[in-house]
Amino acid sequence: MTMEKSEMSILARHMKKAPVDLKAIFAELGIHFEEACLDSASGSIVRDGEKFIVTVNENESANRQRFTAAHELAHYLLHRDLMGDGERMHRHVDSLFDGGQPSGDVVFKREHEIQANRIAAQIVMPTALIEEKFQTNKDVAALARDFGVSKAAMEIRLKTLRLLP
């Protein structure tokens, strides 16, 4: 895993307010972020030398785009060392409806996708903020709106944090 202390401090600073400002995180980390029409993909992370580009599918819902962006950010934080030596461009594409199977990418395995999803959920729905807001508002749909995620994603996160049965 590649995450550095300075990256952790950037994340921590932005994870104190909902919705977490992913674009500000990308900007501070020097990652180019863009929305584009992607045929069957939800998002991708591309390495070109020492630069990284995260793209999300502009045709998907805003909530899905946010989670995809956080998922690609997680790949950057945890797995960028798997994307090659910086000599050549390397790309990883994530598809929403692939049944959780790898995208034909031999470098990223199912375990990497699970890790990226777990970290993405923690980034867009930080534990401390969720617990704080849940004390005063137990409406799952309202919490989902506050954090810019789907109701289903919020339910999963609340169950993971043992706030819901």
Please identify which residues in the range 26-49 have an amide N closer than 16 Å to a label point set 7 Å out from the Cα of GLU58, following the Cα→Cβ vector.
-> 33-44
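Would you mind calculating the gained length between LEU82 and GLU50 on full extension (0.36 nm times residue separation, minus the Cα-Cα distance), in nm to one decimal?
10.2 nm
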Once a ≥ b ≥ c are taken as the square roots of the eigenvalues of the Cα gyration tensor of the range 126-165, is the result rounded (a/c under 1.5), prolate (a/b larger than b/c) or oblate (a/b not larger than b/c)?
-> rounded
Within 10 Å, count the other beta carbons around each residue, average over each peptide in 140-150, 34-44, 66-76, and list them highest first.
-> 66-76, 140-150, 34-44
Value of [θ]222 nm, deg cm²/dmol, for the chain, DSSP H segments ≥ 4, -39500 (n - 2.57) each, nearest 500 = -14500 deg cm²/dmol
With springs only between Cα atoms under 10 Å apart, run a GNM on the chain and tell me which of ASN63, ASN137, ASN117 wobbles the most.
-> ASN137
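Which pairs break 22 Å Cα to Cα here: LYS5/LYS51; LYS133/LYS159; LYS5/LYS151; LYS17/LYS133; LYS138/LYS159? Display every interim value, and only then the final one.
Details: LYS5/LYS51 19 Å; LYS133/LYS159 15 Å; LYS5/LYS151 32 Å; LYS17/LYS133 11 Å; LYS138/LYS159 12 Å.
Check vs 22 Å cut-off fails for LYS5/LYS151.
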Quick one: Karplus J couplings for the range 129-142, per residue in order, coefficients 6.51, -1.76, 1.60, θ = phi - 60°, nearest Hz, x for Gly and Pro?
-> 5, 4, 4, 5, 5, 5, 4, 9, 8, 9, 6, 4, 5, 5
Length gain on complete extension for the stretch LYS109 to GLN135, per 0.36 nm per residue less the alpha carbon to alpha carbon distance?
-> 5.6 nm
Return the Rg/Rh value of the chain, two decimal places, where both radii are evaluated on C-alpha atoms and Rh is the Kirkwood radius.
-> 0.96
Can you run phi through the Karplus equation (6.51, -1.76, 1.60; θ = phi - 60°) for the range 73-82 and list ³J(HN,Hα) in whole Hz, with x for Gly and Pro?
-> 4, 4, 4, 4, 5, 9, 10, 4, 5, 7
Tabulate in residue order the Karplus-calculated ³J(HN,Hα) for the range 15-20, using 6.51 cos²θ - 1.76 cosθ + 1.60 with θ = phi - 60°, rounded to whole Hz; enter x for Gly and Pro.
-> 8, 9, 9, 9, x, 4
Sum up the charges of everything whose Cβ sits under 14 Å from the Cβ of ILE123, counting Lys and Arg as +1 and Asp and Glu as -1, but leave ILE123 out.
-> +3
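Values in this text are rule-based calculations from the coordinates and carry no lab data. Keep in mind it's a predicted model, so treat the numbers as computed, not measured. Cβ atoms come from the backbone with ideal geometry, glycine included; neighbour counts cover every protein chain shown.
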